[in-house]
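Only one structure is covered here, and it is reproduced in the block below.
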Ligand SMILES: Cc1cc2nc3c(=O)[nH]c(=O)nc-3n(C[C@H](O)[C@H](O)[C@H](O)COP(=O)(O)O)c2cc1C
Ligand code: SF4
Ligand code: SF4
Ligand code: SF4
Ligand code: FES
């Protein structure tokens, strides 16, 4: 267990980890007091120095993003937390909010203070009503404790925090669609520029950050930028939550320094279920191209995963063993993207509609080598041609699966359908074996 | 034959007209250097070189969205290339930019072809039965940019087709390519966000809220800019193929906005009209009335041949017979001339010249509507020759609207003001008793004013020389209103604009179809002006006595001082007092298209041409004329000017106008008066009437005779409601939807009420709603007292 660096998750097993008392017992709600005593710019500088990068997928340096907010412009600023977490495989923000909503609230106070925002919003996906309830309670408690509201702890700093419940659209996790949705419109990505830092929520300068990014800030303020940047790899500093799901023995969140390898993480998770072999995996959710057992030893940081032809994304490691049909997995993901395409732009809207039908045929064994070429060509016409990154995510599994598992596709055609027993890959099979 | 581009979707080049000097940007597109103003989008810069990048969602008058992805090109700036193709409709040019379109970049070409193939995945390709087929940007660009065979072999999405989103607009969701032009137009330009994109993915679709159909006065523009056949007009659907139509640039004959239109005719039958493109006036838009109200030109009851009255009955007669009868009837009779406000400039000139030369009188008036001496003076002193126009709105610091509701009474002025309100928060003040939805969409500051007290309201405003006061024709009903406008303008240097409702009124003033002015703005009272014109016309002299206005003409007819009337296009019920007695007593020569209320009184009737059947011009409120050619080539009807000319021949006093063309030439030759204008003497406001004060104006769509036979259009008219304040409703004991009865000594009218932002003690009624023709029924004008009670 030496590889783990539990900070965010350090006390998740405390019975009252989600209460102010539980959080405070381990030093919670002290770093925002420290921050409020500093100049806002000094807070931004610490976050910059720490090297913290956005945990929502793109890995943009958080301190730099905060620094983009114009100062002294006499306009409202907004601080928005992205808790939409809807990417298949991604499951870190939800458990974090269940176990310790207050660390996010503390991070919000610090972040809002730094960017001179007096109103913050949490945009949470609507399906997780248990988390919504927990968060609502936490916000109420924070108000009661005087950590939110007018003149926080006599510092003169005011902050309102609003929880907004989404209606269940993956695209509303995209930051500009999120802002539209927050304003009461149908969530569709906005044309940029203007970027949110200039004209975001209600056309005011706005920061949008992922839950984990914001929740990482109190510890950085508390323990210093150097402490944070001493962990991780050269350009990917600090610790982060890796979420392992699928065919591992003990799935869950593993908090470790950036740069840990999948081999190490699978070990920590007790290995692949039933002693099976790893077939393929996603490094950061379904939108990141899949990797295979060849890639077990690449460091899971932004640069190394990029170099391997994928992306670290949300560090959502979905693990699939050899019982899984790649085509089946890819088709299910593609169905997800078809369902979630917002419809704004042609390539994604029409392309996902088409891809699902093509992949459905291929899964049924109706197809030829030419169809694979056509499939790739259509993916090329979608990726990089669409309005937002959802479409790039949609084609990632298809292109990468064709790169590594072309023969599996061909086997479907020879076999006149899927050659693999679909039941073998299910969870209830592992349960039966008692793994 | 010239044609204007309909949807401006494929081939049109948008002229780039910078307002202030702007920085110029140099860039290279497909190897060619081009210099364009800063802020120009790449797609538009390419147009300057004649390079056509395919596009769907892009529209030069709408904000960019980058949704369809059809316009992808490769871009590099100072050696740094974008990693992927960019939507050229969203990217402004930069110095040092190198753009490679489909013509020079394989990546761009493949990207565009790929998008085109995807766009057709869910398109039904039912071109053979689609109205857009033959003029369809999708069809055209699928030819230029697509592949000949689709690789899509799957199932397309299915929708019920078509669905009515209003009585006049049909939506075929299968054909829709989701470019959002229609929804953006409605929200950005018209301010009527009645349609929106709903659902997501391939099931995304245009929709309405079911209780709130697409009842926008501007809805037809969405049909025109839809780049596919997804939005169609009920009236045109399945009627024709574009390649069977002959298009003629035309001018709208309805209101004084002065829209450029295009009339599409097949075998003499007008099948549709589209907005033309004039950046100085209507840009590329028009209103639904101008687009769809043209069935009257083809009405079955059009008068085909002259009619003469014999033994009390009208019978058909030959032209020579009718001309002889009219000439005999008018001979040596003291005659007045009434020209409705709908004549072309040339026809109005014909009436003006006919009155002076053939009838030797200045008793002529184009105002077949409530008017006043104050207005007559105002028109001669402040309107004739004036050139305040749309560009003045663009640069104004403040627009004051008085006696004028632009959305209802001149919709393109409404759009123009709204554009400036959206763009630069132009300040708008409405002096009005009732703050209508149109005023609200202009973000207008309301100075709620009891009709009749406009002077007080105007006196309280402070304006600058960059401000414009726009008054409507209704202000003539309110004594002292126009005088207060003049006073405010004199005090502040603000410009005065006057907007009549009808398309022919401004032109009629300029060509002297009014008692105090001769053609070219020559004051009748000015002897030099009369001599000048007499010389131009080659007559010895012109009548010197200032002519009567329309009310006075009718009064004189009633009193036996006038024995004959020549009437063209007048509805007597548009006057406050229908002049039945006057009409009964006089010999009447009437020029008309269809039987009207005048017909039963007329002694000789000459059929005349509709706008589609002649050439001519209309002059907008801004004093600019736009001419048009005959759109229905084989039509045999003749213009009013021509008919008057042959009548003058028969009378032995020829006016020598062989038609509109000749009239136009003569108007130009006669020129305009550069001597002094008439002076204006102010009129005092009257005391308020007793009782509840009436406020009233016309809705754009109502019982107007030129809107006849177009039920789809009528279906989108505003509901006829009486508007009262909450307090007044309370006093009356009524709530929204309850009936009240409004009455005068002439009649009574029951309407449901709606509580509105209106002064207490005032009730607003539609002037000419279908079944709610308050002017005709009550005979009451703005500022008059009416009685109001609950129930019927
Ligand atoms: C389709 C799509 C879905 C996304 N969903 C999420 C999400 O659920 N949560 C999230 O934090 N970021 C999501 N993002 C990324 C956000 O746009 C944004 O980059 C992020 O919230 C920024 O926060 P960070 O800088 O803290 O990472 C999504 C992006 C795309 C294109
Ligand atoms: S790629 Fe286009 S259709 Fe897909 S989610 Fe983004 S904007 Fe919507
Ligand atoms: S109806 Fe026409 S204009 Fe509207 S979104 Fe569809 S294709 Fe575009
Ligand atoms: S705004 Fe006036 S001129 Fe233009 S189309 Fe409508 S009625 Fe005709
Ligand atoms: S025309 Fe550029 S994206 Fe539609």
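If we scan the range A:92-102, do we find a residue that is away from ligand 3 (no atom under 16 Å from the Cβ), in contact with a helix residue (DSSP H, G or I) (Cβ under 8 Å, 6 or more places away or on another chain), assigned to a loop (DSSP other than H, G, I, E, B) and touching a residue at least 24 places away in the same chain (Cβ under 8 Å)? Looking through the range A:92-102, at least one residue is away from ligand 3 (no atom under 16 Å from the Cβ), in contact with a helix residue (DSSP H, G or I) (Cβ under 8 Å, 6 or more places away or on another chain), assigned to a loop (DSSP other than H, G, I, E, B) and touching a residue at least 24 places away in the same chain (Cβ under 8 Å).
Do you know which of the residues in the range B:592-604 that are touching a helix residue (DSSP H, G or I) at 6+ places or on another chain (Cβ under 9 Å) and closer than 12 Å to residue B:302 by Cα is surrounded by the fewest Cβ atoms within 10 Å (Cβ to Cβ)? If we take residues in the range B:592-604 being touching a helix residue (DSSP H, G or I) at 6+ places or on another chain (Cβ under 9 Å) and closer than 12 Å to residue B:302 by Cα, then B:594 is surrounded by the fewest Cβ atoms within 10 Å (Cβ to Cβ). Applying the criterion of being within 16 Å of ligand 1 (Cβ to nearest atom) and buried (at least 21 other Cβ atoms within 10 Å of the Cβ) to the residues of the range A:319-335, the residue that is nearest to residue A:425 (Cα to Cα) is A:333.
Have a look at A:411, A:391, A:396 and point out the one that is at pLDDT 95 or above, away from chain B (no Cβ under 14 Å) and closer than 27 Å to residue A:188 by Cβ. Spell out the reasoning first.
Working: A:411 fails: closer than 27 Å to residue A:188 by Cβ; A:391 fails: away from chain B (no Cβ under 14 Å).
The unique qualifying residue is A:396.
If you filter the range A:191-223 down to residues that are assigned to a loop (DSSP other than H, G, I, E, B) and crowded, with 23+ Cβ neighbours inside 10 Å, you find that the one that is farthest from ligand 2 (Cβ to nearest atom) is A:216. Of the residues in the range A:326-338, at least one is facing chain B (nearest Cβ under 10 Å), modelled with pLDDT of 95 or more and within 21 Å of residue A:173 (Cβ to Cβ). Taking each residue of the range B:48-66 that is at pLDDT 95 or above and looking for partners that are in a loop (DSSP other than H, G, I, E, B) and within 16 Å of ligand 4 (Cβ to nearest atom) with beta-carbon atoms closer than 7 Å, six or more apart or interchain, yields B:61/B:284.
Residues that are more than 27 Å from residue B:480 (Cα to Cα) and touching a residue at least 40 places away in the same chain (Cβ under 8 Å), at least 2 per element: which strands (runs of 3 or more DSSP E) completely within the range B:606-714 meet that?
On the way: elements: B:616-619, B:625-628, B:692-697.
Those strands (runs of 3 or more DSSP E) span B:616-619, B:625-628.
When you scan the range B:82-93, do you find a residue that is under 40 Å from the mean Cα position of the chain (by Cα), away from ligand 2 (no atom under 16 Å from the Cβ) and surrounded by fewer than 24 Cβ atoms within 10 Å (Cβ to Cβ), even just one? Yes - at least one qualifying residue is present in the range B:82-93. Of everything listed in (1) in contact (Cβ under 8 Å) with a residue 60 or more places away in the chain; (2) more than 24 Å from the chain's Cα centre (by Cα); (3) surrounded by fewer than 20 Cβ atoms within 10 Å (Cβ to Cβ), the single unmet condition for residue B:303 is (3).
Filtered by the rule that a residue be surrounded by fewer than 19 Cβ atoms within 10 Å (Cβ to Cβ), more than 13 Å from chain A (Cβ to nearest Cβ) and either more than 43 Å from the chain's Cα centre (by Cα) or closer than 9 Å to residue B:72 by Cβ (or both), the range B:99-114 gives a lone residue, B:104.
Of all the numbered requirements in (1) farther than 21 Å from residue A:160 by Cα; (2) surrounded by 14 or more Cβ atoms within 10 Å (Cβ to Cβ); (3) touching a helix residue (DSSP H, G or I) at 6+ places or on another chain (Cβ under 8 Å), residue A:15 misses one, and that requirement is (2). The set of residues in the range B:756-792 being part of a loop (DSSP other than H, G, I, E, B) and more than 27 Å from the chain's Cα centre (by Cα) consists of B:759, B:760, B:761, B:784, B:791, B:792.
Restricting attention to the range A:337-380, the residues that are within 16 Å of ligand 1 (Cβ to nearest atom), assigned to a helix (DSSP H, G or I) and crowded, with 20+ Cβ neighbours inside 10 Å add up to 8.
With the requirement that a residue be touching a strand residue (DSSP E or B) at 6+ places or on another chain (Cβ under 7 Å) and within 10 Å of another protein chain (Cβ to nearest Cβ), what does the range B:46-81 give you? Within the range B:46-81, B:64, B:66, B:69, B:72 qualify. Do you know which residues across the range B:61-81 are more than 8 Å from ligand 5 (Cβ to nearest atom), at negative phi and surrounded by fewer than 24 Cβ atoms within 10 Å (Cβ to Cβ)? Scanning the range B:61-81 gives B:61, B:62, B:63, B:74, B:76, B:77, B:80, B:81.
With the checklist (1) assigned to a helix (DSSP H, G or I); (2) within 7 Å of another protein chain (Cβ to nearest Cβ); (3) surrounded by 24 or more Cβ atoms within 10 Å (Cβ to Cβ) in hand, flag the one item residue A:386 doesn't pass. Result: residue A:386 fails condition (1) only.
Every residue, every condition in (1) within 16 Å of ligand 5 (Cβ to nearest atom); (2) at pLDDT 95 or above; (3) closer than 30 Å to residue A:305 by Cβ; (4) in contact with a strand residue (DSSP E or B) (Cβ under 8 Å, 6 or more places away or on another chain), yes or no:
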residue	(1), (2), (3), (4)
A:32	no, yes, no, no
A:45	no, yes, yes, no
A:49	no, yes, yes, no
A:52	no, yes, yes, yes
A:63	no, yes, yes, no
A:79	no, yes, yes, yes
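Residues in the range B:484-502 that are buried (at least 22 other Cβ atoms within 10 Å of the Cβ) and farther than 17 Å from residue B:384 by Cβ: 4 in all. Filtered by the rule that a residue be more than 18 Å from residue B:181 (Cβ to Cβ) and either assigned to a loop (DSSP other than H, G, I, E, B) or within 15 Å of ligand 3 (Cβ to nearest atom) (or both), the range B:53-80 gives B:78, B:79. Looking across the range A:340-367, the residues that are more than 7 Å from chain B (Cβ to nearest Cβ) and more than 26 Å from the chain's Cα centre (by Cα) come down to A:358, A:359, A:360, A:361, A:362, A:363, A:364, A:365, A:366, A:367. Screening residue B:232 on (1) modelled with pLDDT of 95 or more; (2) over 20 Å from residue B:176 (Cα atoms) shows it passes everything except condition (2). Could you grab me the full set of residues in the range B:166-203 that are touching a helix residue (DSSP H, G or I) at 6+ places or on another chain (Cβ under 7 Å) and either free of Cβ contacts under 8 Å to residues at least 12 places away in the same chain or within 16 Å of ligand 1 (Cβ to nearest atom) (or both)? Within the range B:166-203, B:193, B:201 meet the criteria.
The values are calculated or read from the model by the stated rules, or taken from the named source; none is laboratory data. Worth saying up front: this structure is predicted, and the values here are computed from it rather than measured. All Cβ positions, glycine included, derive from the backbone under ideal geometry; neighbour counts span all protein chains shown.
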